[in-house]
Structure formats: structure tokens, C-alpha cells
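The values are calculated or read from the model by the stated rules, or taken from the named source; none is laboratory data. Keep in mind that this is a model prediction, so the values were computed, not measured. Every residue, glycine as well, gets a Cβ built from its backbone with ideal geometry; the counts of neighbours run over all protein chains shown.
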Amino acid sequence: MNSRIAASFGEDASVAEPCLSDSGSDDAWEEVEEDPEGSLQARCLFCDRFFNSPEHVFDHCSSDHKFNIEMVIHKYRLDSYGYIKLVNFIRMEKPTADCLISINAAVPWEEEKYLKPVLEDDLLLQYDIDDVVDSSNTSCSNGLTEASSLLEQLKFAEHRADLAEAALARAQEDLHKMKQFAQDFVMNAEVRSNSTASAIAELQENEETVYFSSYGHYGIHEEMIKDKVRTESYRDFIYHNPHIFKDKIVLDVGCGTGILSMFAAKAGAKKVVGVDQSEIIYQAMDIIRLNRLENTISLIKGRIEEVDLPVETVDVIISEWMGYFLLFESMLDSVIYARNKYLAKGGSVYPDMCSISLVAVGDFNKHAERLAFWDDVYGFNMSCMKKAVIPEAVVEVLDSDTLLSEGCVIKWIDCHVVSVSELDFTSEFTLTVTKTSLCTAIVGYFDIYFEKNCNQKILFSTGPCDARTHWKQTLFFLENPVHVEKGEDLKGKITVRKNRKDPRSLIITLSIKDMQQTYSLQ
């Protein structure tokens, strides 16, 4: 998140302008007199240096921090209030200059709370930006009133909003087309011409962009960090086994906000390298600096398959790569790439063992909500919709009381030796039925193990009988429920493979008794 801009202001700012008091109200403006002895100094927006005037601060910000206040004012068409909010926002939230300049959507300093000064007698808040605003708005220089200027800004903002809405609508339409194409491709994949292959490649690239963009938003990282089962399992593994990390070089694949990197650094790692393609990496850099770990942790933006690391080999690879049904998102592919290219002989990958399991379920309420609902929709028969609904796997939290069988492991993965090709697999399974009922769905979940060289082994499960995680469980609904008897061995076969059009999604084919159904997880 960087932009290079240079700054200076033409008008003398030694005469102070009105300064907003802590109350933030218009009535609270009061005159601040000049300081004849020059005891008041202006503090930099991004560091602890002080200067004799706002102009010197702006020159310093431009030369040392690559932040041009004049161009920012022009870019966002800031008036005096907007400028004050910007200064107080920087003082309060402490974003980096790179982060600020990269903002292209709605600015984050619009809230009224940013009218309240953060620093007492802040000289930057007393600076007159009228000439800067006028130079970017010819209508103002031609004598239009302040109200007219504000109206023009409002029109401009409305225009930008209209453009944004139109762009969003186009994006949603494109995404719908991509999903429709994926379904058609999966169900009708007998013959593929060269032109079809070209279209698939283009859609694949678009899906990659959508995937990494989704991880650029803080919300998904907040959800993962707040998942105590997930985060505390990694923390406990690292903190309770510091000998694995002491004086070692560690690679964090898909580091996100950097939480695992910081755990490793606190455990004594000599150096930690975190790699992430999404925009969250810039927030992670701020987090690392805020916790004074920048001398130990280095962050790199990009795909692990494409970046150059500052080290030739690493001793430990850590990653939270798991997706729904374990393999959704295919991030394990990147961990395997990193392992093959960078892991030193005798090094370790964590988590090191994983398993995928299935269990039979009889949940009539969920089945009715998902399928029977279409039989009578406000008096109309829409049952034909079931053919479109059934092939979609559902990610939900399952009620453990609906379990009809014991769990059965269908795949073990050793992260030290597994190959990418082994992640497409077929497995036969047997579910020992514990309750006579109708089986409405087969449900998948996974377990994660930290074991190699561990003095204290750690594991966690995403199963329906364990504490809830953000991965939940993956439900494969049966169109027609199957009767099962207590003590019965319910036999079946499952095939899991990547979607050729979008390798981050999965195609799962499930056979049980006389029924076979193909599902997509995307």
C-alpha cells in the first residue's frame, strides 16, 4: 500500500486558525493566539519528530514518509472539516503512510469523533487549507460561494457512489455467470474444445482474484482469530514446545494478520518469514511493528510459489491452511510447494497430521428446510428446484443429537510426505449405525494433530461432538432419506477431487446403498 507524493504549502501558517475543543461542537471554537516565544511546535503525523511550523511537518512527511498532504487533500476533495478529521484520524489510529495512500474506497475518517483533537494545541489543526482546496476546485476560485463548493463535492460523491454501485452490479453479475458456468462445466464435461479451455483459464484467474480479495478484509481474520479452538491450539502447540522453535528459522505460509508468526517469535525463533498474497499483509506489518517484533519477523506480499524468500532454507513451516471439509481452498498445495522448496533436511511442517471423517445423520428439520420446503412454496409446487439444491454441499453446525453412526476416517494426511496428486482420492467407508432411523445426510469433518518432536502433543477436532469452530461441519444431503437399523454397517464410497475450472473448490461424489450423488463445495 504505497504511493509516492511530494508536498508543500504556499501560504504562511504562522497565524493560528480556530482550534476545535474537546467537546467537538461548533460553539467550542476559540481563538489560539500566536506563540511569541515559539514554544509551540508541530508534531509529525507518523513519527515523534517536532518542527517549528506545519509547512516543515508537511515537507518532512513528503520527504521521509512519502506522504503528500496537498495531494491527499486534492485526491479526496477535503474541506477544512475533512482535513481536521484526517489529521485526528492519523493521530488516533496511527495508520502507516502507505496504508493511507492506498485507500480508494470510502475514507475511514468520516466519523464525527475525528473532529475532536487528539493532541492539545495541535498546530496542524490550526493550518489554513483554503488555498489548497481552492487550487483543486476552479469553481471556488471563480467566486462561487462555500455552499456551492459543498454542493459540487456532494454531486461528485454521489457520482462516485453511482459508479461504485454499477461496478458492484457488474461484479455480481460476473460472479453469477462464473458459478453458472462451473455447474454446467461439472455436469456436462464430456468434450472440451480449445476455446472452452481458454474460457476456463480466464475464469480460474478471476476466481483466484476473488479468493485472495476475500482474505484482504479484516472480518474473515477476526472470525478466525476469535475461533478459540483454532487459535489456542496453535498457541499451545508453539508455547508448550518451544524447543521446536528456539533459534530456528520459521516460515509462516498464508500468515494473515501474523498471529502465528508472533507466537513463533515469542517462542524463541531466530527469524520468522511470513508470506501472504492478500492485502491484509499491510495490516500485519503494522501489527508486527506495534509489537516491536520487526527485527525477528519479515513479511512478504505475494504467493509462496512466486516470491523470493530472504533465506534459502527454513527449519519449521507453520500454516493455518485448512478449509471446509479440510481441503476446500486447496491451500495445502502451497504448503506442499513450500515444503519441497524450502524445508531443510530434518525440518518439520505443522500441523503434521490431519484426518477427514464421515458420520451418518438423521436431521429431519434441516432436511425439510433444505428440500421439502420446495414442495409447497406459498401454494406453488417448486419441487423441481431440488435438483439444483441437492448438489450443493452445506456448511452448518450440526446438532450432535442427530448422529446415527460412529465416525469413520476416510483420509489420513501426513504433511511431511503427502503430494498434491494424493489430495484427489477415492475411499470406501463403513459407518456403524447406532440408532434406527432415516439417514438424511452424510456429514464430513476433520481432525488436526501437532505431534512430531512434541513434548506436549496438541490436537483439535471440528466434529459435531466437539467445541464449535468456524469450520463447522459439511453436510451432504440425501435427496431421498435412507432407512438404517441399529448395528447395521452402512457401506459407501466417496471420491474427492478438485474442480478443474476452480481448483480451490471441490467436487465430491458419494455412493451409499443404491444412491449416488455428486456435490460441489464452493
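The C-beta contact set for region 302-329 (first residue closer than 28 Å to Ile508 by Cα, second residue in a loop (DSSP other than H, G, I, E, B) and of a type in the set (S, T, N, Q), distance under 6 angstrom, 6+ apart or interchain) comprises Arg303/Gln277.
If I filter region 488-522 down to residues being among the aliphatic types (A, V, I, L, M) and closer than 24 Å to Ser421 by Cβ, which single residue comes out as modelled with the lowest pLDDT?
Within region 488-522, the subset among the aliphatic types (A, V, I, L, M) is 490, 494, 496, 506-508, 510, 512, 515, 521.
With the extra rule that they be closer than 24 Å to Ser421 by Cβ, the set shrinks to 494, 496, 506-508, 510, 521.
Details: Ile494: 97, Val496: 96, Leu506: 93, Ile507: 94, Ile508: 96, Leu510: 96, Leu521: 90.
Top of the filtered list is Leu521.
Restricted to region 217-266, and to residues there that are aliphatic (A, V, I, L, M), out of contact with any Asp or Glu (no Cβ under 9 Å at 6 or more places or on another chain) and surrounded by fewer than 18 Cβ atoms within 10 Å (Cβ to Cβ), the residue that is farthest from Glu294 (Cα to Cα) is Ile220. Only residues that are outside any helix (DSSP H, G or I) and either under 22 Å from the mean Cα position of the chain (by Cα) or closer than 14 Å to Asp128 by Cα (or both) were counted in region 69-85, giving 2.
Residue count for region 110-128 under the criterion of being crowded, with 20+ Cβ neighbours inside 10 Å, of a type in the set (Asp, Glu) and not in a loop (DSSP other than H, G, I, E, B): the result is 0.
Is it the case that some residue within region 353-364 is exposed (fewer than 13 other Cβ atoms within 10 Å of the Cβ), assigned by TED's automatic domain parsing to the domain that holds Asn480 and more than 26 Å from Ser427 (Cα to Cα)? Within region 353-364 (the criterion being exposed (fewer than 13 other Cβ atoms within 10 Å of the Cβ), assigned by TED's automatic domain parsing to the domain that holds Asn480 and more than 26 Å from Ser427 (Cα to Cα)), the answer is no, since none of the residues qualifies. Quick check on region 473-484. Is at least one of its residues at pLDDT 95 or above, polar (S, T, N, Q) and surrounded by fewer than 15 Cβ atoms within 10 Å (Cβ to Cβ)? No, region 473-484 contains no residue that is at pLDDT 95 or above, polar (S, T, N, Q) and surrounded by fewer than 15 Cβ atoms within 10 Å (Cβ to Cβ). Listed by first and then second residue, the pairs linking a residue in region 447-461 that is in contact (Cβ under 8 Å) with a residue 40 or more places away in the chain and within 24 Å of Val359 (Cα to Cα) to a residue that is of a type in the set (Ser, Thr, Tyr) and surrounded by 14 or more Cβ atoms within 10 Å (Cβ to Cβ), with Cβ atoms under 6 Å apart and 6 or more places separating them unless they lie on different chains, are Asp447/Ser355; Asp447/Ser461; Phe450/Tyr350; Ile458/Ser233; Leu459/Tyr449; Phe460/Ser233. Residues in region 308-327: is at least one outside the structural domain of Gln516 (by TED's automatic domain parsing), crowded, with 19+ Cβ neighbours inside 10 Å, at positive phi and not polar (S, T, N, Q)? Scanning region 308-327, I find at least one residue that is outside the structural domain of Gln516 (by TED's automatic domain parsing), crowded, with 19+ Cβ neighbours inside 10 Å, at positive phi and not polar (S, T, N, Q), so the answer is yes. Restricted to helices (runs of 4 or more DSSP H) entirely inside region 222-332, those with at least 1 residues that are in contact with a Gly (Cβ under 6 Å, 6 or more places away or on another chain) and of a type in the set (Ser, Thr, Tyr) are 259-266. The residues of region 487-514 that are in a strand (DSSP E or B) and more than 17 Å from Ile442 (Cα to Cα), listed by number, are Arg497, Lys498. The set of residues in region 267-279 that are out of contact with any Pro (no Cβ under 8 Å at 6 or more places or on another chain) and surrounded by fewer than 22 Cβ atoms within 10 Å (Cβ to Cβ) comprises Lys270, Lys271, Ser278, Glu279. Among the residues of region 86-93, is any assigned to a helix (DSSP H, G or I), at pLDDT 85 or above and in contact with a Ser or Thr (Cβ under 9 Å, 6 or more places away or on another chain)? The answer is no, given that none of the residues of region 86-93 is assigned to a helix (DSSP H, G or I), at pLDDT 85 or above and in contact with a Ser or Thr (Cβ under 9 Å, 6 or more places away or on another chain). Within region 347-379, being part of a strand (DSSP E or B) and modelled with pLDDT under 95 holds for one residue alone: Val377. Among the residues of region 446-486, those identified as closer than 29 Å to Ala267 by Cβ and part of a strand (DSSP E or B) are Phe446, Asp447, Ile448, Tyr449, Phe450, Ile458, Leu459, Phe460, Ser461.
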